[in-house]
Structure formats: structure tokens, C-alpha cells
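Report on the following structure.
The values are calculated or read from the model by the stated rules, or taken from the named source; none is laboratory data. From a predicted model like this one, the values you see are computed outputs, not experimental measurements. Heads up, the Cβs are rebuilt from the backbone with ideal geometry, glycines too, and the neighbour counts pull from every protein chain shown.
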Amino acid sequence: MSGYRYATRAEILGASIYDHEPDAIVLNSGLAYPPLLPDVIREATEAARSHVEETLQYGPLMGIDDLRDEVVRFVAEDEVRCSRENILITYGAKNALDLALRVFVEPGDRVITTRPTYMTALQIIRSHQAPVLDIGQDNEGFLTDELEEKLKRLRANGEPVPKLLFDVPDFHNPTGITTSLPRRRKMLELAREFGFVILEDDPYRRVRFEGEPVAPLKALDDDAESVVISLGTVSKILAPGLRVGWAIGAPEVVKRMSRQKADGGSNPFTQRMVTELMRGNKLSKHIADIAAQMRLHRDAMTESLREFLPDAGVRPPQGGYFLWATLPSGIDGDTLAATARKHGVEVSSGRLSYPNEYPRNRLRLAFSFVGPDHIREGVRALGGVYDDLKKQEKNNGV
Ligand SMILES: Cc1ncc(COP(=O)(O)O)c(C=O)c1O
């Protein structure tokens, strides 16, 4: 048919950051480091041999019970107290976000996020036709004062107060910032006062290079009057291709989310594999290996930025997969990213991470996928492209 009449959301979803040019140095998406993809032959064999009726059948909407129990044990290490009925297994954290939006948000309802925020979360939020109330960050993370002021203004004007806040409090994507304990407590206080739910997306918590952990919002939540839904995933600690994640919330909420699944119970085969991986000591060893490797990548990236792009302002993150760079004000992130792509290096313009207005001079760099030598090579090429753009800027200004 010529001239398909698409829905609005089909216009919203733009180019994929997962489509890469052949031989490009990929510094734009949080892919797993290939040498650290786990050996799962034993777990896949176990799933296929001993659990056929579970793994090759439609699964329970809430996920398989053994995995829900493993998640309870896993998050207990972070002082999150919950039981099986609080756990919903999903296709990953992004799927859990989508299900939560289905449950809480009508088209036109505003969702609160930081500015900038996780770019794919924005795509999902936009696909629900939800505008964003954006809130800044500083070195202590989420700016609760700004949120409080904006919420009070909405209330005073008789406008609807958002029902949902989305945040990445540990090693934020893209800024790498971790929100402090007092700010977390204030977020919870505001959630109770203004009646919204906090979606705490926490994929990087265990990928820590240094510094002390801060209690998850979910650990500070009140069990009886819960306002936090915590989202977890194995994408950053095992393998994103398994597509296994979870949401932890009040039983009533996660049950409603499960009813929004339109797929017959997610993927019991990989759920069983992940259960087996979590049961042994393989997972904790694997997480330690990933964190050690990502630290080398982070160091390679910060050092090569210092050498090849010294004009960029960077705050080396203490964990996670991403680094956020501020360029001098005359340099446009879109132009730099597009030109770098032509020179074989893929980075993301900061624009993609902003819900509304955006400064033009930001870049998001992922250090997860390629090793230190390629990171250096990629940043060197990026620095070359930057130097050329700067010369052009200067010439234009003369
Ligand atoms: C903030 C954030 N949340 C979640 C994810 C992963 O989502 P999923 O579990 O769907 O793979 C990522 C991956 O880049 C991320 O950066």
C-alpha cells in the first residue's frame, strides 16, 4: 500500500541506537562487553532437559515462582525486604516501565523525570503520549527542591499533579550521578505528600567501581503504604539478550501490571536459565568481573578524553556504563555525533536524553561494549572531529 496511515507513536520512535555501521567503534549504546558474555550452556541444558513443561509452555503472568524467590534473595543484599507476591518478572526493566505506564498513565498525564534522563525511557513514555515534567540534577542527584516547588505550583493552580516519577538513582544514565540519602528521603516524602509513585530503575547498582552504596529507595519505602516500584534487570549483570527483569511493588500493583502483559507470560525458558544462574555462585563472581572490567573501560575513556578532547567537561562516574560530557557552548552535539559517525565512531548527542528543552552541547558516551584500546581509538577519532568543528566555528565567527 502506498501512504500508510501510521499512529502517532510510530512517528515518535526514531532511529535505533542498536543499528550500527559495519566496523564502527560503538560508544553510543550500553551493550554488554562480548568477552564477558556468560557461558550458559549448563543452565540452558538444565532448562531444556529437566523443566520442559515449565520452559516450553506459556508461563505464569507473574513469572516462574523459583525466579521470583531468587529475586527476593538477590535484593535482600541491598536491604530490600519483600516476598514472592511483591515480584513480577518481565522481559527486562524497559518492559516493566511500559507495564507500569499502562497501569498508571493516561494519554496527556505528565510523568516526572530528571533532565536529562534515560533516552529509551523517554521513548517509552512518549509512546504513552505522556508529557514530561523535567527536574534538574546536581552532584547530590535529583533536585527535590525544584520538584517540590513545581508540584506546589501545580496544586495551587488547580492543575493535575503527576502520578508517576521515573528515576535512575544509582549511576544515573546518562549523567552517572548517584542521588544522596537525604534527597532519596525527600523524594519519598514528596511522593507521599503529593500522591505519586516512584519508579526506581536500578540496573547499575552492582556495577560499582568505588564509593559506598546508598540505600535503594525501595529499602526506604514503607511496606504498608508503599510508594516505590523498583525495576531490576539482568541486562547489565549477566546478558541483555536473556530479556529477564523484574518489578518489585505492592502485590496489588504488580498484579495489575502482570494483567497488562499481552504475551502469555514472558519467556519461561530464559527465566529458568536465570534462576539456575542466580542459584549458584556464578552470578556474584560474574558481577565482580563485569565491575572490574567496566572500571578499566571508564578509566580508558576518561584518560583519553583528557588527552584528545580536553575541552570536554566530564565527571568520571563511580559505576555504571555511561559517561556524560559537556562541550564548549559553540559546539553542537548533533553535528559532532553525526560527523563522528561518518568517521567510524558512534556516540549519542545529548539531545536524545532530554525530555523537553535541551542544551545543544552535550554528549553521551557508553564505555561498556568495546575494550580499552578501542575506546582510546574511538575517542582519538572523536577528538579529531571535534578539533575540525572547532576550527570551522572559529572561521565562521571571524
Ligand atoms: C537506565 C536503564 N534502565 C534499564 C536498562 C536496561 O533495560 P532492560 O532490562 O530492558 O534491558 C538500561 C540499559 O541501557 C538503562 O540504562
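Scan region 96-112 for residues that are assigned to a helix (DSSP H, G or I) and within 16 Å of the ligand (Cβ to nearest atom) and jot them down.
Correct list: Ala96, Leu97, Asp98, Leu99, Ala100, Leu101, Arg102.
Assess whether Arg115 counts as being touching an Asp or Glu at 6+ places or on another chain (Cβ under 8 Å) and more than 14 Å from the ligand (Cβ to nearest atom).
yes
Where in region 122-220 are there helices (runs of 4 or more DSSP H), lying wholly inside it, with at least 2 residues that are modelled with pLDDT of 95 or more and more than 20 Å from the chain's Cα centre (by Cα)?
Working: elements: 144-156, 181-194, 217-220.
Output list reads 144-156, 181-194.
Here are the criteria: (1) touching a residue at least 40 places away in the same chain (Cβ under 8 Å); (2) under 22 Å from the mean Cα position of the chain (by Cα). Tell me which single one Arg81 does not satisfy.
Here Arg81 clears every test but (2).
Restricting the search to region 342-370, which residues are out of contact with any Asp or Glu (no Cβ under 7 Å at 6 or more places or on another chain), surrounded by fewer than 16 Cβ atoms within 10 Å (Cβ to Cβ) and not in a helix (DSSP H, G or I)?
His343, Glu357, Pro359
How do the helices (runs of 4 or more DSSP H) wholly within region 25-85 filter down when requiring 2 or more residues that are under 17 Å from Phe269 (Cβ atoms) and basic (Lys, Arg): which remain?
41-50
Exactly one of (1) at pLDDT 95 or above; (2) in a loop (DSSP other than H, G, I, E, B); (3) more than 24 Å from the chain's Cα centre (by Cα) is unmet by Thr339. Its number?
Failing condition for Thr339: (2).
Out of the residues in region 49-75 that are in contact (Cβ under 8 Å) with a residue 40 or more places away in the chain and farther than 23 Å from Ala247 by Cβ, state the one that is surrounded by the most Cβ atoms within 10 Å (Cβ to Cβ).
The qualifying residue surrounded by the most Cβ atoms within 10 Å (Cβ to Cβ) is His51.
Need the failing condition index for Leu323 against (1) part of a strand (DSSP E or B); (2) touching a Gly at 6+ places or on another chain (Cβ under 6 Å), just the number.
(2)
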